[in-house]
Every structure is written in C-alpha cells, then in structure tokens.
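Report on the structure given below.
The values are calculated or read from the model by the stated rules, or taken from the named source; none is laboratory data. Predicted model only: the values in this text are computed from it and were never measured. Every residue, glycine as well, gets a Cβ built from its backbone with ideal geometry; the counts of neighbours run over all protein chains shown. Protein only, heavy atoms only, side chains kept; ligands, DNA and RNA dropped before computing areas. Shrake-Rupley method; radii C 1.70, N 1.55, O 1.52, S 1.80 Å.
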Amino acid sequence: MAACSPNRAPDRVEVGQLTEAERENDPWAALGPVVKRDPVIKLLSPVSGLEPLTWSEDHRISASSTSGISLMEVVCDVHGNKQDLVLHRTSIPVPDQVCELKVGPAEELLRAKDKFSSSSDPAMSQSFMLDRVLNPTVGVHKGILYTSWSPLGCDANGRCLLASLTLDHRLTIHSSTKRLQWTVVADLTQLYGESLEIRGYSVPGGQPSKANLLDLAELQRRYRMQTPVRMEWSSVCTTQHVQTNNECKDVGTVLLAVLMENGDLVVWQFCLPILGKDSVLSCNTIQSGVLSPSVLAWWEYEHSGRKMSGLIVGSKLGPVKILPVNLKAVKGYFTLRQPVVLWQESDQIPVHNIKCISLFHPKQNCNCSLVVAARGSYLFWCLLLISKAGLNVHNSHVTGLHSTPIVSMTASRQGSSIYTCSMDGTVKKLTPIFTDMAVAFKQEEIVLPEGLAGRRIHGIAVSPHGAYLALVSTEGMTNGQHPVSRPYQVQFVTLKTPNDAAAELLESPVQSLFKQTDLLDLVRWRVLRDKRIPALLQEELDDKVHNTGSPYLWRLKLFLVRVLYQSLQKAPVEARWRPTHEDSKVFVKDEEGGVVGEGGGGEEEVVSKLQDPEARALEEQTGEVIAWIEAVEAHLTREHMKRVLGEVYLHTWITENTSIPTRGVCDFLTSDPTYEDRAAQVLIGHIQKKMNKQTFPEYCSLCKEVLPFTDRKQAVCSNGHMWLRPRLDQEDTAGSLYILRLPPPLGL
C-alpha cells in the first residue's frame, strides 16, 4: 500500500463534495438544530432542591435527588461506533448521619430545647417545635438542596470540584481524583462552626455575645448565622510569586462564596489545587444587610486591564444588589467602593436564580456585564457599563415570557444565550441585542421533540459551548389525570447542528478539544452516521492545517480520522467483556473418519469475503484510513518531540533528572529520510554539540538493560520486556506537555 500523506485524505475515502441533489436531500437539514439524543437516563429517586441540574466546564452533569447526586460525564469516545451519547455514571450518596450545627455547649443546648418545647407561651413553643433547624426531632428532609461546580483546574488533576449543600444544611466539597470515585475534600459546615465557636459566635469585628442559649432569639441567631442557603464559585485568580531563585511562579486561588440564612456572606479562599482543609487560605464574613436572602451569584468585570469582582445577592422579598468583596490578598483584583442596588422595590416577588454574563458592547466599544434574574414569571435584567462618568446601570423586566413561574434558568459560558423553563414545560431562548445604551432580547421558543413535549420539566442545564441542553423531567398529566407513578428522567437535546459545531471548532480561540467536548460530540455523531467526514469541513481543515500548522487542528484531524475508522467497523456480535472460548475447541470424528470442528467454516467465510466486491472495497478503504491515521499520529509525535527537545536544550538538567532519552529521540528523528525539517535538524545539531558525548538512555525496570528508542509507541529490551509509551498525539486535561519517558511498570 502506498504511503498516505497526513495533509490530505486518501483518494478512496468517500469525503468528496456533495452534489446539489444530495444537498437538497440532506437529512441533517431536515432534522433542524433541536434533536433528541439517546440514551435516556433514569433517576432512582425524585429530584430535590432548586436548580437540580447543573453542567460543569469539564462536561459533567449533576442531578440532585433525595438520595444523593447522580453524576454523568459526557465522553467523546473514539473507540466505539455507537451513535448514542457516551456517558460515564457515578453518584454521591447523602450522608446517613444528620448534620448537627454547633451553637454552644451540649448541656446548655439540651436545657434550652427542653425549656422552649415545654414553654407555656404558644408563640415560643410553636416557633421552636415547627422549625426543622432548631428542632430536628420534627423530621429533617433528606436530599440535595443545591450544587455548584468550580472552574477548571481546581483539583489535583486539573478538573472541576463539586460543592454540594444538603437539605439538612451540610456544605461539603467533593473531588474525583480517582476514576469514577468521589471523596469529600472539606466539610465547610464543620470548619465554619469551629471558627464561630472560637470567636464566641460574635458578628464580624464585634465582641462575643453575652446572651446564652436560654434566649430564643440568641438561639435562632446562632443557627441562622451558619445555615447556608446558596454557594457559588468564582473564577480562578492567578498571581505571580517570586521564588528564592528569582523565578516567577504562577499561583492560583479560587473563592467560594456562601450565603447564610441571616444574610451574611462567607467568602472562602483556597489555594490550588484544593487537597483538603489545609488548602484554605482565609475565611471572611461580610454582612450584606439583605433580608430573607434567596440567591447568590458572582459579578466579575474587566475594564482597562483591571479585574473587578463583587457578589450579587437576591432576596425573597424582591430586591437585588451587588456587594463589594475586598480582595486585598490577591494582587491585580479590585472591587466596588460601595454596594450597588440593581432593584430596590420589595414587591414580594422572590428572586429564584441569577446569572451574570460578560459581553462586549459593540455600540460603546467596551466590555459590559449583563445580569439576569428569574423573578416569578418575569425575567429581570440589568446592564452594567463602566464609562468615564462612572458605573452606568440600566435595568428593566422582560414581561410576557412565560404564563407560569420560571422554575429553571441557565446560560452558556461561551455564549450570550439565556434559556428559561417554566412550570408548564415551556423552554425559551433569549438572545441579547444591544441598542445605543440599553439591551433588547430576541425571544425564541424551543420546540421540544417527541418524547419531551408535554412532560413536566424540573430543571435545565446547557453545555459550556451551547451544543446540548439537558432536561430533568417527569410524566405530565394525561387527559387531565395525574400519572400513577412519576419516574424521573434526564434527557438531552441538541441546540446546534453538526455543521455549526464544526464551524465553531475551526474558528475557536480555545484551542482545546477537551474543553469543547460538546461541540466535538456533535461532529462525531455526524461522521458515525454518514460514515464519512463532511466535505466542507475536511476541505477547510486541510487549508487551515496547511497554512498554520496548528497542533490543535492536527489533533482535530486525527480525531475525525479515528472516528471515520470506527464508522467503518461492524458492531461486535457479543459484548466485549464476555470471555471467548476460541482456545478450548473440541474436535469430534464423524462416522466416515472426518474431523468436525467449530472453526470449520472459517476458510469459506474468508473466500466469500474476497469474492464480495463490497467487502473487498470496504477492506481497502479501511486500510487506507489506517494509513492516514498512522501518518497524522507520526506528524504529531514528531512535533511533540521537537517541543521536548527545545525544553531540553534550554534546561539540560531536565534530561538527567527525568531520564528523557534525548540521544534516542534525536536518532529517531534523523533516522527517517523522508522527514525533512530544517528547524529540527538545526535544533538536533545544537543539542548534540551541547551534550557532547553524554547519553541518558532508558533502562528496563526488571533487568536493568538499556531500552533502545526505535519505536514511538513502545520500548523492548534485549530480554524481551515490553513497555508501552504514553500517547503523544493528544493533549491532556490541563493541556500540559507530555514527557517522553516511560511510565511506571504496569505489566509485561
């Protein structure tokens, strides 16, 4: 077979231009942007809490229920040919032990509870007996109240952390450092209770209270000051610290704001990665003065190179305002001088959810912040713009959006679209359109496909790049009658076409396939369904690869070719996990002395395949795609080797301390006569002069023999011990540089 160039597709691969007749009959044009995707995820327990569905930046979805958190990770699989979404499911159960808040000495607390429960004053006894926080014996609700995902890069693997708040007011942070296993990193309810006990349950900057627990008002105050209502993560704050060797090191921190029932804001500052309670740098309490707080969101703004932040707090009574957050410990970050009231009327319409979107104002030619809040059946919006005159605030309401109250609202992180859902199951999309000073909204109703229309929707969540919309729903009423049972399901619909997703991937400034998994999965779905790469996508991708040579585009090309290879494979008849019994065949002699075996028809099947023209053409096409994959992988590996050699040339000590086989890599690059790269040749010449005769070969961990660097995929010593190398043709989650050394021994 002739060698395949990585810059173009083989001639026999069917990726040619579509004719006009094919374009008119294109099934993707008839499907439209909103298409239901399988599978349907069934939840074992009813959903609970507010906004039960959230989607993280690393493409994990959390569904809150009465038994715990059901987690689903969207995986863009290149090793299977199923067209359904690939989801890895895990769960975090609700703790069996009820959370008990510390408010004082145990003996004094028991005496206070006995006093209030047996009080002759009905106002005192009833207020105590009916409060589930003060009197857990009434019965505590079990389930999840709210979940919040951190930004990327907060755990040890560069992934997202999950902060969960249970209905019994336990606030914990969970991490998934091990595959499909979640562990508790920190119990913030316990940590904050211990800090309050140390300062005598006093207000920030005040003296310890002299009142005891026998005062009902004091008991209620101590409980409410440590009862969380909502929590939200900020974006990662990166600063540079000068080390002892005068090198600058980037140090990342993240903030978690917790809104308490009494209106206090507790801001936790963590150093990254968050490994436990030792990662807590500070814990500050801010008094907001908001009565009956209900919702919380971060306000982050960048103006003239300065990053500003604040906290948006909404109330059950209606008001919304931004509070300043002092970040003196973080250089380069600023805040407001005083609180800014966005909506001041107490119209008794509770604020259900708040989203803050950073946009660019085309009229004013500057950045701006759009704050949207769900209040009943209305959508409150506020446009914040910083000019020479100061902070400009424009606000109003979007009326007539829904006929019933909004139960869920979500917004894409990489776009400006806002999605709302009401109690009657209506989902609408709002797109902001800028005017001279204010903003208008273009409203579109999302027509749900069959299987979702008419169902009762409890929550929605949009993927980071707006490719998918996840919905958790139950069966609605049929002919005016409620169903006998209400099974809860999580379903997915597309919001973009594969063509739109492909266009965004080509023009994306993110330059990371992992961060754009939702867009990538749409393109994967089309390639698997059509069994070919879209012609326009391949043509434009080849042009961009030829002009720029971007590693991101090369990885995208490799992904498409691998998916194309999987689309040409037949689905396995048996499950892959089921063991085969090919080695234990039994041969039986028939009456005429012949031998009958299980594999007797194998030769006939091979002959029939060779005679079938379609099977022969498919086999040739598969071979050419494999050659294409090998060519792209080889190019990416060589480019990565050049990057590693560049680091070695600048820092020679890396070679010795990390056992990078520099000499072997140089010999491997120069051994291929077809590989002509002037930059690599010059770099190799400089390295060889700098290293002189020094060599740092790899050694086998079993027999200590030298491992020759003759293959980019594996290394075999003279005694036959084989070691697989890491895959060098892809990026990892954090986008860091792979090292060419061997991994720890995993087996032979």
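Name the one entry in VAL133, VAL98, VAL74, VAL78 that is touching a residue at least 60 places away in the same chain (Cβ under 8 Å), exposed (fewer than 14 other Cβ atoms within 10 Å of the Cβ) and touching a helix residue (DSSP H, G or I) at 6+ places or on another chain (Cβ under 9 Å). Lay out the reasoning, then the answer.
Working: VAL133 fails: exposed (fewer than 14 other Cβ atoms within 10 Å of the Cβ); VAL74 fails: exposed (fewer than 14 other Cβ atoms within 10 Å of the Cβ); VAL78 fails: exposed (fewer than 14 other Cβ atoms within 10 Å of the Cβ).
Answer to the check: VAL98.
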Checking SER202 against (1) open to solvent by less than 50 Å² (accessible area, probe 1.4 Å); (2) touching a residue at least 40 places away in the same chain (Cβ under 8 Å); (3) in a loop (DSSP other than H, G, I, E, B), the condition it does not meet = (2)
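Suppose we filter segment 148-165 for residues that are hydrophobic (A, V, I, L, M, F, W, C) and open to solvent by less than 10 Å² (accessible area, probe 1.4 Å); how many remain?
Start the filter on segment 148-165 by keeping residues that are hydrophobic (A, V, I, L, M, F, W, C), which leaves 149, 152, 154, 156, 160-163, 165.
Those still in the list that are open to solvent by less than 10 Å² (accessible area, probe 1.4 Å) too: 154, 160-163, 165.
Matching residues across segment 148-165 total 6.
Evaluate the following for GLY49: is it modelled with pLDDT of 90 or more and on the phi > 0 side of the Ramachandran plot? Walk me through it before giving the result.
Working: modelled with pLDDT of 90 or more: yes; on the phi > 0 side of the Ramachandran plot: yes.
Against the criterion (modelled with pLDDT of 90 or more and on the phi > 0 side of the Ramachandran plot), GLY49 qualifies.
Restricting attention to segment 236-247, does a residue exist that is of a type outside the set (S, T, N, Q), outside any loop (DSSP other than H, G, I, E, B) and surrounded by fewer than 18 Cβ atoms within 10 Å (Cβ to Cβ)?
In the first step, residues of segment 236-247 are kept if they are of a type outside the set (S, T, N, Q); the result is 236-237, 241-242, 247.
Imposing the further condition that a residue be outside any loop (DSSP other than H, G, I, E, B) reduces the set to 237, 241-242.
Cutting the leftovers down to surrounded by fewer than 18 Cβ atoms within 10 Å (Cβ to Cβ) gives us 241-242.
Looking for residues that are of a type outside the set (S, T, N, Q), outside any loop (DSSP other than H, G, I, E, B) and surrounded by fewer than 18 Cβ atoms within 10 Å (Cβ to Cβ), one finds at least one in segment 236-247, hence yes.
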For segment 697-708, enumerate the residues that are modelled with pLDDT under 80 and either in contact with a Lys or Arg (Cβ under 6 Å, 6 or more places away or on another chain) or buried (at least 18 other Cβ atoms within 10 Å of the Cβ) (or both).
-> GLU698
Among strands (runs of 3 or more DSSP E) entirely inside segment 388-442, those with 3 or more residues being more than 19 Å from VAL34 (Cβ to Cβ) are 390-398, 427-434
What do you reckon, is ASP84 of a type outside the set (Ser, Thr, Tyr), over 20 Å from ASN212 (Cβ atoms), touching a Pro at 6+ places or on another chain (Cβ under 7 Å) and not in a strand (DSSP E or B)?
-> yes
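One line per residue, one yes/no per condition, for (1) of a type in the set (Asp, Glu); (2) out of contact with any strand residue (DSSP E or B) (no Cβ under 6 Å at 6 or more places or on another chain); (3) modelled with pLDDT of 90 or more:
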site: GLN240; (1), (2), (3): no, no, no
site: LYS249; (1), (2), (3): no, no, no
site: ALA257; (1), (2), (3): no, no, yes
site: ASP264; (1), (2), (3): yes, no, yes
site: GLN269; (1), (2), (3): no, no, yes
site: LEU272; (1), (2), (3): no, no, yes
Restricting segment 668-679 to residues that are among the charged types (D, E, K, R) and open to solvent by 80 Å² or more (accessible area, probe 1.4 Å), which is nearest to GLU647 (Cα to Cα)?
-> ARG678
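Identify, from the list TRP554, TRP525, the residue that is closer than 30 Å to THR637 by Cα, aromatic (Phe, Trp, Tyr) and touching a strand residue (DSSP E or B) at 6+ places or on another chain (Cβ under 9 Å). Spell out the reasoning first.
Values: TRP554 fails: touching a strand residue (DSSP E or B) at 6+ places or on another chain (Cβ under 9 Å).
That would be TRP525, the only listed residue that is closer than 30 Å to THR637 by Cα, aromatic (Phe, Trp, Tyr) and touching a strand residue (DSSP E or B) at 6+ places or on another chain (Cβ under 9 Å).
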Could you tell me whether GLN226 is free of Cβ contacts under 8 Å to residues at least 40 places away in the same chain and in contact with a strand residue (DSSP E or B) (Cβ under 9 Å, 6 or more places away or on another chain)?
-> no
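Scan segment 466-489 for residues that are part of a strand (DSSP E or B) and crowded, with 16+ Cβ neighbours inside 10 Å and jot them down. I'd like the intermediate steps shown before the answer.
Step one: filter segment 466-489 for residues part of a strand (DSSP E or B), giving 468-474, 478, 481, 488-489.
Residues satisfying the conditions are TYR468, LEU469, ALA470, LEU471, VAL472, SER473, THR474, TYR488, GLN489.
Are there any strands (runs of 3 or more DSSP E) wholly within segment 277-385 with 2 or more residues that are among the β-branched types (Val, Ile, Thr), and if so which? Even if it seems obvious, please write down each step before you answer.
On the way: elements: 280-287, 293-303, 306-315, 320-324, 333-335, 340-343, 351-361, 366-375.
So the answer is 280-287, 306-315, 320-324, 340-343, 351-361, 366-375.
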The number of residues in segment 318-334 that are within 20 Å of VAL393 (Cβ to Cβ) and either at pLDDT below 85 or not β-branched (Val, Ile, Thr) (or both) is 6
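Taking the condition open to solvent by 20 Å² or more (accessible area, probe 1.4 Å), in contact with a strand residue (DSSP E or B) (Cβ under 6 Å, 6 or more places away or on another chain) and under 25 Å from LEU342 (Cβ atoms), does TYR378 pass? Spell out the reasoning first.
On the way: open to solvent by 20 Å² or more (accessible area, probe 1.4 Å): yes; in contact with a strand residue (DSSP E or B) (Cβ under 6 Å, 6 or more places away or on another chain): yes; under 25 Å from LEU342 (Cβ atoms): yes.
Against the criterion (open to solvent by 20 Å² or more (accessible area, probe 1.4 Å), in contact with a strand residue (DSSP E or B) (Cβ under 6 Å, 6 or more places away or on another chain) and under 25 Å from LEU342 (Cβ atoms)), TYR378 qualifies.
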Within segment 135-149, residues being at pLDDT 85 or above and assigned to a loop (DSSP other than H, G, I, E, B) number 3
Taking GLN269 as the residue in question, decide whether it is closer than 29 Å to SER175 by Cβ, in contact with a helix residue (DSSP H, G or I) (Cβ under 7 Å, 6 or more places away or on another chain), touching a residue at least 60 places away in the same chain (Cβ under 8 Å) and among the polar types (S, T, N, Q).
-> no
Could you check how many residues of segment 119-134 are among the polar types (S, T, N, Q) and assigned to a loop (DSSP other than H, G, I, E, B)?
-> 2
Within segment 422-445, residues under 21 Å from VAL295 (Cα atoms) and free of Cβ contacts under 8 Å to residues at least 40 places away in the same chain come out as MET423
Residue check: is ASP168 surrounded by fewer than 17 Cβ atoms within 10 Å (Cβ to Cβ) and touching a residue at least 12 places away in the same chain (Cβ under 8 Å)?
-> no
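So in segment 173-190, with the set limited to residues that are open to solvent by 10 Å² or more (accessible area, probe 1.4 Å) and of a type in the set (S, T, N, Q), which one is nearest to the chain's Cα centre (by Cα)?
Of segment 173-190, the ones open to solvent by 10 Å² or more (accessible area, probe 1.4 Å) are 174, 176-185, 187, 189-190.
Applying the additional criterion that residues be of a type in the set (S, T, N, Q) yields 176-177, 181, 183, 189-190.
Details: SER176: 12, THR177: 14, GLN181: 16, THR183: 18, THR189: 25, GLN190: 28 Å.
That would be SER176.
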Filtering segment 30-56 for residues that are open to solvent by 60 Å² or more (accessible area, probe 1.4 Å), over 21 Å from LEU145 (Cα atoms) and not in a strand (DSSP E or B) leaves a count of 3
